[in-house]
Amino acid sequence: NMIEAIRKLGGFTVEGIFRLSAKKDDLVRLRKQFDQGIYAVKETSPHVPAGLLKQWLRELAEPLIPTEKYAEAIEIARSKPELQDVQNFVEKLPGINLNVLKHISSMAKEIAAQSAVNKMTFSNLAIVFAPGMLRNPSEDPHEMLENSKYE
């Protein structure tokens, strides 16, 4: 899997992992390989599987937090929730979404724990991953701007 490949390639301690891009040709090649059902990652740079993971999340037809739960997610974020409130919300997500979210969260925790080396704090990781987790369905610029601070 992508996360394991990033880990094995030392990506959790690489400065700017997920912020620095891999070469486009490398991403295209690995994507094509995955599209063909070949899931072995034989890269030498952790930026390639990191870039493909980020791309995959952004290209999901539906974000990890489904569109119909967007308003509820924003309301919870606005209310300065307790941890239990967030856990209750997350536990109601569809099974596959919850599974992916748990893996991404676990990876983010490991990466952020080494932020002194990799410069990837929770805040930096949130900027990277938010577009694949939560998308505002509104086209109203005012609402989009207002909600962006809670996404």
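Cα-Cα pairs above 26 Å in the chain: how many percent? Pairs farther apart than 26 Å: 30 percent.
When the Gaussian network model of the chain links Cα atoms closer than 10 Å, the mean-square fluctuations of 16, 37, 51 top out at 37.
In deg cm²/dmol, rounded to 500, what helix-only [θ] at 222 nm does the chain give when every DSSP H run of at least 4 residues adds -39500 (n - 2.57) and the total is split over its residues? Mind dumping the intermediate values first?
Numbers: 9 runs with 92 residues, N = 151.
One gets -18000 deg cm²/dmol as the mean residue ellipticity at 222 nm.
Of the accessible area of the chain, computed with a 1.4 Å probe over protein heavy atoms only, carbon and sulfur atoms account for 55 percent. Do the alpha carbons of any pairs in 23/109; 80/149; 8/54; 54/80 sit beyond 19 Å of each other, and which pairs? Over 19 Å apart, Cα to Cα: 23/109; 54/80. Applying a DSSP loop filter and a limit of 13 other Cβ atoms within 10 Å to the trypsin sites (Lys or Arg not before Pro) in segment 45-105 leaves 92. Size of segment 90-140: Rg and Dmax of its alpha carbons, in Å, are 13.0, 39. Using only the C-alpha atoms, the convex hull of segment 3-82 corresponds to 138 Å³ per residue.
The values are calculated or read from the model by the stated rules, or taken from the named source; none is laboratory data. Nothing here was measured: the structure is a model prediction, and the numbers come from that model. No Cβ is skipped: glycine too gets one built from the backbone with ideal geometry, and neighbour counts run over all protein chains shown. Note: areas computed on protein heavy atoms with side chains; ligands, DNA, RNA excluded. Shrake-Rupley method; radii C 1.70, N 1.55, O 1.52, S 1.80 Å.
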